[in-house]
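Enquirer: Please find one structure pasted underneath; my questions will follow.
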Ligand code: CND
Ligand code: ZN
């Protein structure tokens with residue numbers, strides 16, 4: 001099967017739209033005809049070399065589509081089913097899967113680090129050359145093959161363009177609030193970075209019943225969006241010191257929860273510095289893998305502050321995605337307002353240029 005796909009050949013280059021050969025799914029795999037793929041900053045991190053991936057690869061890790069074909073032994077989905085693709089495969093039986101932390105499963109890490117599916121091969125070829133699967137998803141392809149365990153079936157009548165956003169931005173942001181921090185009603189929250197993922201931390205905190213939600217960004221348009229998604233206060237970090245303003249907004253106390261959704265050591269430290277005693281800072285943003293951050297022991301020990309991370313919303317996607325769909329249908333989770341741009345696959349580089357300029361909230365590539 002031939003498919004148009006966006007390939008990253010070398011760090012620092014643009015994505016190249018090429019026609020690749022997609023092999024049929026093998027045992028335990030499914031082939032998806034993609035409907036839409038999300039434009040997330042993590043793919044941009046790969047293009048700039050900030051995040052390491054095996055290349056050449058078809059990028060994209062947020063996506064939805066329709067099952068086109070299933071390989072031997074697949075029972076959880078059938079051709080014609082609408083699905084969301086997960087960028088962290090999980091085995092379902094290891095210690096971490098059993099503990100409700102499937103994103104920490106070693107199987108997913110194996111696919112992420114090798115760019116190959118579980119049998120050690122890829123399903124994409126370009127003129128005989130092996131093309132890697134980014135995050136096991138490679139959603140920037142008209143067709144792609146993925147382990148059947150890494151899809152979640154969604155209702156037949158759910159719009160696929162909006163469903164796409166659930167696959168990374170929404171589950172990562174809302175999940176960090178619900179699962180990693182477990183934000184309590186009436187609490188105070190600061191969110192550093194109000195982009196596609198951060199805005200979902202903000203709406204997650206609003207759904208969780210936080211009393212104060214303080215959004216920090218450098219761009220006025222993002223702070224405007226933050227208010228629309230439930231922020232009670234906004235801070236432009238270009239104009240003022242966010243830590244000082246957050247302290248004064250909380251009567252000197254600091255916030256119960258702070259989320260870093262940018263990926264910079266300086267803002268991770270700011271998130272930690274604006275906590276109250278026993279406060280929790282959750283890092284969602286991705287920095288280069290060798291980055292280190294330091295915090296004072298004085299507050300870590302004597303104030304019992306915590307600094308932790310959250311990958312993939314610390315979620316259990318087979319439970320959390322249906323829950324997010326229900327929240328959307330109940331009018332509590334904003335997806336229509338989140339989807340601010342659509343680009344055909346041929347204009348995917350323009351979509352990333354718009355992300356770099358800070359336009360809109362979340363865009364999708366359409367097929
Ligand atoms: P996006 O570019 O949409 O948002 C980043 C936001 O941060 C923008 O609004 C910027 O204006 C803002 N910003 C940049 N610098 C500063 C600063 N110094 N102070 C305040 N605000 C600033 O990116 P995104 O929302 O798609 O992704 C955000 C991060 O989350 C990024 O690092 C991405 O790789 C990461 C991520 C993590 C996970 C996970 O599982 N942990 C999953 N997906 C994405
Ligand atoms: Zn992402």
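Readers should treat all values here as calculations from the given coordinates under stated rules, not as data from a laboratory. Quantities reported herein were computed from a predicted structural model and do not represent experimental measurements. Here the Cβ positions follow ideal geometry from the backbone for every residue, glycine too, while neighbour counts run over all protein chains shown.
Enquirer: Report yes if some residue within the stretch 168-189 is surrounded by 24 or more Cβ atoms within 10 Å (Cβ to Cβ), in a strand (DSSP E or B) and in contact (Cβ under 8 Å) with a residue 24 or more places away in the chain; otherwise report no.
Expert: yes
Enquirer: Is at least one residue of the stretch 242-257 in a strand (DSSP E or B), within 16 Å of ligand 2 (Cβ to nearest atom), closer than 20 Å to residue 187 by Cβ and in contact (Cβ under 8 Å) with a residue 40 or more places away in the chain?
Expert: No, because not a single residue in the stretch 242-257 is in a strand (DSSP E or B), within 16 Å of ligand 2 (Cβ to nearest atom), closer than 20 Å to residue 187 by Cβ and in contact (Cβ under 8 Å) with a residue 40 or more places away in the chain.
Enquirer: Scan the stretch 307-321 residue by residue and report those that are closer than 11 Å to residue 168 by Cβ, in a helix (DSSP H, G or I) and touching a helix residue (DSSP H, G or I) at 6+ places or on another chain (Cβ under 6 Å).
Expert: Residues satisfying the conditions are 312, 313.
Enquirer: Looking at the stretch 151-160, can you tell me whether even one residue there is touching a strand residue (DSSP E or B) at 6+ places or on another chain (Cβ under 8 Å) and under 19 Å from residue 340 (Cα atoms)?
Expert: Here is the first cut: in the stretch 151-160, the ones touching a strand residue (DSSP E or B) at 6+ places or on another chain (Cβ under 8 Å) are 151-156, 158, 160.
Pick out the ones that are also under 19 Å from residue 340 (Cα atoms) and you get 158, 160.
Yes, the stretch 151-160 contains at least one residue that is touching a strand residue (DSSP E or B) at 6+ places or on another chain (Cβ under 8 Å) and under 19 Å from residue 340 (Cα atoms).
Enquirer: Out of everything in the stretch 111-127 that is assigned to a loop (DSSP other than H, G, I, E, B) and out of contact with any helix residue (DSSP H, G or I) (no Cβ under 9 Å at 6 or more places or on another chain), what residue ends up being surrounded by the most Cβ atoms within 10 Å (Cβ to Cβ)?
Expert: 123
Enquirer: Filter the stretch 50-68 down to the residues that are more than 13 Å from ligand 1 (Cβ to nearest atom), more than 19 Å from residue 108 (Cα to Cα) and either part of a loop (DSSP other than H, G, I, E, B) or under 21 Å from the mean Cα position of the chain (by Cα) (or both) and list them by number.
Expert: Result: 56, 65, 66.
Enquirer: Related question: Among the residues of the stretch 193-222, count how many are more than 9 Å from ligand 1 (Cβ to nearest atom), surrounded by fewer than 24 Cβ atoms within 10 Å (Cβ to Cβ) and in contact (Cβ under 8 Å) with a residue 60 or more places away in the chain.
Expert: 1
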